[in-house]
Amino acid sequence: MHVIQSLRLFSIAGAFLVGFWLPIRLIGFVPPMALEICFDLLVSLVAGTNIYLHFRQPFRSYRKPADWLHVGVMLDLICLLPLSLFAFLVFDTTVSGILILNLLCARHIRQIKDFMDHFDSFPPMTYRLVPIFLTLPLLVHVVACGWIALGSGSAVLDSGAVDTYIKAVYWSFTTLTTVGYGDIVARTNSQMLFSCMVQVIGVGVFGFILSNVASLLSRSDANREHHMNNLDKVETFMRTHHIPFDLRSRTRAYYHYMWINKKGHQDRSLLEDLPAKLQAELLFVMNRSIIEKVPFLKHADQEMIEDLMSKLEPRVFVPGEKIFKAGDPGDCLYLIHTGTVQILSSEGVAIAQLGDGAFFGEMALLTDKPRSASAVAVTFCDVHLLHRSSFESVANAYPAFRTHFEQIMRLRSAG
Ligand code: CMP
């Protein structure tokens, strides 16, 4: 692991340890002096690491006084002081109160985000959930210990340390995430003030958790959400413009088809930011089902397929739609992914019916003549277009590609 990452991990572990141990220490669990001093030295080490990490950021320098005047550095400098040792040397005893300053170190738990940013293979949800699941228990624990230190309010105190702690955690959790149930209440003024403070922090915590959970839920099915929004907009549009019932139901059928079969149709725009090679490999995997259907592609060179896939343009035709008619200028080749297309002569006589994996429109591209026949979609057709310029570039780069279509054309013309 990279040195900075290791130091960050040390800082996070230190923050966690300080956040859990110090509050317990402050509510009365006093360890032997030697252990106390060791722990304090550990806090100093963590603080020193945090200062080092601060200056390792770009544009920060040990030589610039302004960078030393940073609030974070000041707080870490306080933690850097060996407070227990100092108290022991001066007063010959431990002074609990002063140790609370070391709690400032716990704020570095937030470095978990920077730490995780260096891992590229986690699902996006992990980047949101891990910081919440690490920070929330720590906050609950600190608040619970604070509540115990103030007398635990109306919770029974003489029930043992574990019972007291569990009740305090319960109070802390309910107060931080809601406004509490009111079964454990503040009695003294200091408890009331503490409750107010925790409730204010709780508003932020509650809002943070709620917004994260809401965002996670909506993201978990973003495609469906997008589809539903589109349907709502189209439905309102059709109602406003008094579209006839039949046309409405055909429009709905189109959206339904798109949703069922082409959830990822818009996904191509997501790939645009990627380097060409990665895009080509992803398209190759995404279009596996097309490649499976076309015998010629099944055995073709992977480089040629990747090149071809990156040039294909997806298009959907609805039943009865004319794709082109005889005599039109021919500007692209069509590959049927799913659906049925009928080829009709200029007199309207059916010549052929083409299904999944078939190509059509090659003649106009190879001969530079207008379309020799018409093409009509019989069912919903999921088709991929290859424009003339792309056809030429693939055919020039891979002669087998051109030869294949010339053979098909000869067979069809003969038939
Ligand atoms: P093109 O001439 O560009 O446009 C019409 C298309 O129909 C043509 O290319 C061929 O792809 C296709 N076509 C023509 N005749 C036949 C046939 N007999 N069988 C299958 N497809 C055909």
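The values are calculated or read from the model by the stated rules, or taken from the named source; none is laboratory data. Since we're looking at a predicted model, the values are computed, not measured. Reconstructed Cβ throughout: ideal geometry from the backbone, glycine too, with neighbour counts over all protein chains shown. Protein only, heavy atoms only, side chains kept; ligands, DNA and RNA dropped before computing areas. Shrake-Rupley method; radii C 1.70, N 1.55, O 1.52, S 1.80 Å.
The table below gives the values:
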| quantity | calculated |
| --- | --- |
| Region 84-189: relative contact order in percent, alpha carbon pairs under 8 Å with at least 6 residues between | 19 percent |
| Local electrostatic count, Gln57, Cβ distance below 15 Å [Lys/Arg +1, Asp/Glu -1] | +3 |
| Extension gain, Arg187 back to Lys233 (0.36 nm per residue minus Cα-Cα distance, nm) | 11.0 nm |
| Estimated FRET transfer efficiency (Leu85, Gln5; beta-carbon r; R0 30 Å; 0.05) | 0.50 |
| Angle between the chain longest axis and helix 71-80 axis [Cα atoms, degrees, rounded to 10] | 50 degrees |
| Carbon plus sulfur fraction of accessible area for the chain, probe 1.4 Å, in percent | 65 percent |
| Local electrostatic count at Ser218 - Lys and Arg +1, Asp and Glu -1, tallied over other residues with Cβ under 14 Å | +1 |
| MRE, 222 nm, helices only [DSSP H, n ≥ 4, -39500 (n - 2.57), over the chain, to nearest 500] | -19500 deg cm²/dmol |
| Volume of the Cα convex hull of the chain, divided per residue and given in Å³ | 256 Å³ |
| Extension reserve of the Phe206-Ala352 stretch, reckoned as 0.36 nm per residue once the Cα distance is removed | 46.1 nm |
| Number of Lys pairs (Cα under 29 Å; 8 or more positions apart or on different chains) in the chain | 28 |
| Inter-probe distance in nm under a simple model that places probes 7 Å from Cα toward Cβ, at Arg56 and Ala222 | 3.2 nm |
| Region 126-155 residues near the modelled Ile100 label - backbone nitrogen below 13 Å, point 7 Å along Cα→Cβ | 143, 145-151 |
| Between 0 and 90°, nearest 10: helix 302-311 axis offset from the chain longest Cα axis | 90 degrees |
| For the chain: relative contact order, % (alpha-carbon pairs under 8 angstrom, 6 or more apart) | 10 percent |
| Net charge of neighbours whose Cβ lies under 9 Å from the Cβ of Gly339, counting Lys and Arg as +1 and Asp and Glu as -1 | -2 |
| Charge dipole (debye, nearest 20) of region 321-415; +1 at Cβ of Lys and Arg, -1 at Cβ of Asp and Glu | 180 debye |
| Whole-Å distance, taken between Cα centres, linking region 20-40 and region 272-333 | 67 Å |
| Value of relative contact order over region 266-415, rounded to a whole percent, pairs C-alpha under 8 Å and six or more apart | 26 percent |
| Tilt relative to the chain, helix 189-220 - C-alpha long axis, 0 to 90 degrees, to 10 | 20 degrees |
| Potential lengthening between Ser389 and Phe119 on full extension [0.36 nm per residue; Cα-Cα distance subtracted] | 93.1 nm |
| Accessible area per residue in Å² at 1.4 Å probe, computed on the chain | 56 Å² |
